[in-house]
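The values are calculated or read from the model by the stated rules, or taken from the named source; none is laboratory data. Computed from a prediction, not measured in an experiment: that's the story for all the values here. Cβ placement follows ideal geometry from the backbone for every residue including glycine, while neighbour counts extend to all protein chains displayed. Just the protein is used for accessible areas: all its heavy atoms, side chains included, with ligands, DNA and RNA removed. Shrake-Rupley method; radii C 1.70, N 1.55, O 1.52, S 1.80 Å.
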Amino acid sequence: MSDRKRVIVAGVGDLQANDPALVAASGLAQRTGAELHLVHAYELPRLLGTSPEVRAFPEAAEAYRANALGQLHAAAARAGAGTAVYRVMEGSPGACLLEVAKETGAELLVVGAARGKRLARRILGSTAQRVLCQARVPVLVVRRPLAGPVGRLLVTGDMTELSASVFESALATLRHLLGGPGQVRALYVLPWSLVPAPLPHSALEETARKQLAVCLAHRPDHGLKVEPQVRVGEPSEQIVAEAEAWNADLLVVGTHARGWGARLLLGSVAEATLRDAPCNVLAVPPSHALVSVEEIEPTCVESPDLERWAEAAGVP
């Protein structure tokens, strides 16, 4: 592993000691010795009829910044953040987080899950959505406290090399920063739209599970036993249902995929998954995942071959 200093960047919205991202990032930095950057971004109103560059109240802007910086220091101290770099920036939260992550060469971005579904819809359509779509490093969306190493890890995606590389990238992040996992389950969701009515779902699920097991067998061996799991239905609903049923500690998703899977974590399905997930979520972008794609043997399929699966399931 490289000797380069690990860097964690966290977006702090509430300026309170119980801010989810602040608490999680502080704990991770303390456990791993990573350099911690805490970012609070704000936007002030503009004067109507003036250019965007003209601030409504220059003195108020500076006063707000100074006050917010003091609150950020106080909240971090109460959260046990230890040594950190504090940044109060004017601009959209998503843009500011991405700017700091790029500047510092961050290894992980940490954001808090919005509280309340109506607010979650709005935030996931702006701040978190922008961060997840444009980040070049993994993004941890915090919903639960991080008490220690990850116990149960649920990984979801389609059966392609890119999804396999997302898996490897997530494991690397866990080893370097999060700790764990103890148990690993790989979930493949076969959408209803891809399942012709005459096919028996039970037989199709079993055939898909075997194909998933073949893909998993060709991934690098890290001494982890990975349990294959298949569900049929609407992707975001089935992902959330599996995370709940298995009581997952961390859900890993890729922010892009190939073929039909491109719909999996973009747009409405992405927002629904992140909004309703009962656990913390680690979103891995393709630019980060592809660094390990050459380590994956090309044995996975690009999309479900329903004719072949139907034949294997005994359907004429």
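Annotations for the structure displayed:
- Being in contact with a His (Cβ under 8 Å, 6 or more places away or on another chain), on the phi < 0 side of the Ramachandran plot and part of a helix (DSSP H, G or I) is a description that does not apply to Ala63.
- Options Val166, Val184; residue that is modelled with pLDDT of 80 or more and open to solvent by less than 40 Å² (accessible area, probe 1.4 Å): Val184
- Positions within region 80-95 being assigned to a loop (DSSP other than H, G, I, E, B) and open to solvent by 30 Å² or more (accessible area, probe 1.4 Å), in sequence order: Gly80, Gly82, Thr83, Ser92
- Within region 221-241, the set of residues being farther than 10 Å from Ala277 by Cα and open to solvent by less than 10 Å² (accessible area, probe 1.4 Å) comprises Val230, Gly233.
- Options Glu62, Glu103, Glu53: the member that is at pLDDT 90 or above, among the charged types (D, E, K, R) and open to solvent by 40 Å² or more (accessible area, probe 1.4 Å): Glu103
- Top-ranked residue in region 4-49 [being part of a strand (DSSP E or B) and at pLDDT below 90; ranked as surrounded by the fewest Cβ atoms within 10 Å (Cβ to Cβ)]: Arg46
- Considering Leu98, Leu146, Leu154, the condition of being at pLDDT 75 or above, within 17 Å of the chain's Cα centre (by Cα) and in a strand (DSSP E or B) is satisfied by Leu154 alone.
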